Amino acid sequence: MELLRRYPGNPVVQASDVPYECNTIFNAGVTTWKDETLLLLRVEDRIGYSHLTVATSKDGLTDWNIRDEPLMTPGLPEFPYEAFGVEDARITYVQETGDYLIAYTAYSFLGAGVALARTRDWQTVERLGLIFPPNNKDACVFPRKINGMWVMLHRPVSGDAEHMWLAYSPDLHHWGHHRYVLLEASGPRWDAARIGAGTVPVETEEGWLIFYHGVKYLAGSPIYRAGAALLDRERPDRVIARLPYWVLSPRESYEVNGDAPNVVFPTGTVQNGDELYVYYGAADSRVCLATVSIAEILEALMRDGRPPLYC
């Protein structure tokens, strides 16, 4: 049995729910805002460019209020690195400052890079600019400073290697002190072709809980699954445990069929006591939800996890 359990009402949001014309929606950033669940939807228009639009719900399941105008569109001419779109946001609420940090992919003719923005009201956004140049993506910021430094997960591309790295910053503008944290697997394993950060790390007593995506090629076609790992609270470059098996794999029709078939792509969580709502993109065509007990996933990691896998 997979550890993540699908919400029976999936998908929770799809293109037909958007109050303006678009091709598809998927890979939403996730947070809470004024006692509501907030999704920052990646919306792809019928030309092929992506922008980011806010959707809110009282219960995080139904009755989504989707704005009729995007929050973020490609920021030309001031931000040429976004010329082809803004994509795949991850949202981190920073209690210390009251800011919501938005790490997103800035896509242009130069490739995909990592950019950072922040907001407090979800009406206006301050762009902090390009953080990592192409090719790099799948970035998210930890929700608190660690040893006085901001910490970000990201996924640079070097040849055929696509591993997960950490970077540190004193001010959210200057990033360095890079460390690899999770390596793609090898051989026939489910995450041997590519991995990348999924959800913003969740702090638990055992460590930072993360869900990530892993890719394997079957008959030349990629299949995206979700995995889980646990990082040390004060040394997040140290892997405590990583599950050798996936926690969610494409199976339902809404995950198997779409613009990118056979994809589950976790992008954010909302915590309610011991339960985590894990939101994920499905087949690059809709946003779905799965749930898991924090105690259950931690028990699995401590029982079955192997520190660190595939190094």
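When both residues are 6+ apart or on different chains and their Cβ atoms are under 7 Å apart, which pairs have a first residue that lies in segment 254-268 and is farther than 11 Å from G281 by Cβ and free of Cβ contacts under 8 Å to residues at least 60 places away in the same chain, and a second that is aliphatic (A, V, I, L, M) and buried (at least 24 other Cβ atoms within 10 Å of the Cβ)?
Pairs that qualify, where the first residue is farther than 11 Å from G281 by Cβ and free of Cβ contacts under 8 Å to residues at least 60 places away in the same chain and the partner is aliphatic (A, V, I, L, M) and buried (at least 24 other Cβ atoms within 10 Å of the Cβ), are V256/A283; N257/A283; P261/A283.
Being β-branched (V, I, T) and assigned to a strand (DSSP E or B) is the filter here; which residues of segment 107-127 pass it?
Our first condition is that a residue be β-branched (V, I, T); within segment 107-127, this holds for 114, 119, 124-125.
Answer for segment 107-127, where residues must be β-branched (V, I, T) and assigned to a strand (DSSP E or B): V114, T119.
Among A219, A161, A197, A117, which is crowded, with 19+ Cβ neighbours inside 10 Å and over 19 Å from G281 (Cα atoms)?
Values: A219 fails: crowded, with 19+ Cβ neighbours inside 10 Å; A161 fails: crowded, with 19+ Cβ neighbours inside 10 Å; A197 fails: over 19 Å from G281 (Cα atoms).
Being crowded, with 19+ Cβ neighbours inside 10 Å and over 19 Å from G281 (Cα atoms) holds for just one of A219, A161, A197, A117, which is A117.
Could you check segment 203-220 and list, in sequence order, the residues that are more than 18 Å from the chain's Cα centre (by Cα) and either on the phi < 0 side of the Ramachandran plot or modelled with pLDDT under 95 (or both)? Step through it out loud before you land on a result.
So in segment 203-220, the residues more than 18 Å from the chain's Cα centre (by Cα) come out as 204-207, 216-220.
Result: T204, E205, E206, K216, Y217, L218, A219, G220.
Inspect all residues belonging to segment 85-96 and state whether any of them is of a type in the set (A, V, I, L, M, F, W, C), assigned to a strand (DSSP E or B) and surrounded by fewer than 21 Cβ atoms within 10 Å (Cβ to Cβ).
Start the filter on segment 85-96 by keeping residues that are of a type in the set (A, V, I, L, M, F, W, C), which leaves 86, 89, 91, 94.
Keeping just the survivors that are assigned to a strand (DSSP E or B) gives 86, 89, 91, 94.
Subsequent filtering for residues that are surrounded by fewer than 21 Cβ atoms within 10 Å (Cβ to Cβ) retains 94.
The answer is yes, given that some residue of segment 85-96 is of a type in the set (A, V, I, L, M, F, W, C), assigned to a strand (DSSP E or B) and surrounded by fewer than 21 Cβ atoms within 10 Å (Cβ to Cβ).
Condition test on I223, is it over 22 Å from I102 (Cβ atoms) and either of a type in the set (A, V, I, L, M) or more than 17 Å from the chain's Cα centre (by Cα) (or both)?
Numbers: over 22 Å from I102 (Cβ atoms): yes; either of a type in the set (A, V, I, L, M) or more than 17 Å from the chain's Cα centre (by Cα) (or both): yes.
Spelling it out, I223 is indeed over 22 Å from I102 (Cβ atoms) and either of a type in the set (A, V, I, L, M) or more than 17 Å from the chain's Cα centre (by Cα) (or both).
Consider I195 carefully, then state whether it is touching a residue at least 40 places away in the same chain (Cβ under 8 Å) and more than 30 Å from A83 (Cα to Cα). Outline the logic, then answer.
Numbers: touching a residue at least 40 places away in the same chain (Cβ under 8 Å): yes; more than 30 Å from A83 (Cα to Cα): no.
Criteria not met by I195.
With the requirement that a residue be β-branched (V, I, T) and within 15 Å of T53 (Cβ to Cβ), what does segment 110-123 give you? Walk me through it before giving the result.
So the first thing to find is which residues in segment 110-123 are β-branched (V, I, T), and the list is 114, 119.
The answer is T119, and nothing else.
When the residues of segment 141-180 are narrowed to those that are β-branched (V, I, T) and modelled with pLDDT of 95 or more, which ends up farthest from A229 (Cα to Cα)? Walk me through it before giving the result.
Filtering segment 141-180 for residues β-branched (V, I, T) gives 141, 146, 151, 157.
Checking the rest, the ones that are also modelled with pLDDT of 95 or more come to 141, 146, 151.
Values: V141: 16, I146: 18, V151: 17 Å.
The extreme case among them is I146.
Only residues in segment 203-216 that are closer than 17 Å to S293 by Cβ count as the first member; pair them with residues that are surrounded by fewer than 22 Cβ atoms within 10 Å (Cβ to Cβ), Cβ under 6 angstrom, at least 6 apart or cross-chain, and list the lot.
E206/L298; G207/D232; G207/R233; G207/I240; L209/V202
Each row is one residue, and each column tells you yes or no for (1) modelled with pLDDT under 95; (2) on the phi > 0 side of the Ramachandran plot.
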site	(1), (2)
A15	no, no
V18	no, no
N27	no, yes
L41	no, no
L76	yes, no
R90	no, no
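What are the pairs with Cβ atoms under 7 angstrom where one residue, in segment 13-28, is within 11 Å of R42 (Cα to Cα) and the other, located anywhere, is aromatic (F, W, Y)? Sequence gap at least six, or different chains.
N27/F265; A28/Y279
Read through the list (1) farther than 22 Å from S16 by Cβ; (2) basic (K, R); (3) crowded, with 17+ Cβ neighbours inside 10 Å, then give the number of the only condition that R235 fails.
(3)
Within segment 149-172, which residues are of a type outside the set (S, T, N, Q), assigned to a strand (DSSP E or B) and more than 13 Å from F132 (Cα to Cα)?
Here is the first cut: in segment 149-172, the residues of a type outside the set (S, T, N, Q) are 149-157, 159-168, 170-172.
Now narrow it down to the ones that are assigned to a strand (DSSP E or B): 149-156, 161, 164-168.
Selection gives M149, W150, V151, A161, M164.
The values are calculated or read from the model by the stated rules, or taken from the named source; none is laboratory data. Keep in mind the model is a prediction, meaning the values are calculated, not measured. Glycine also receives a Cβ, built like all others from the backbone with ideal geometry; neighbour counts cover every protein chain displayed.
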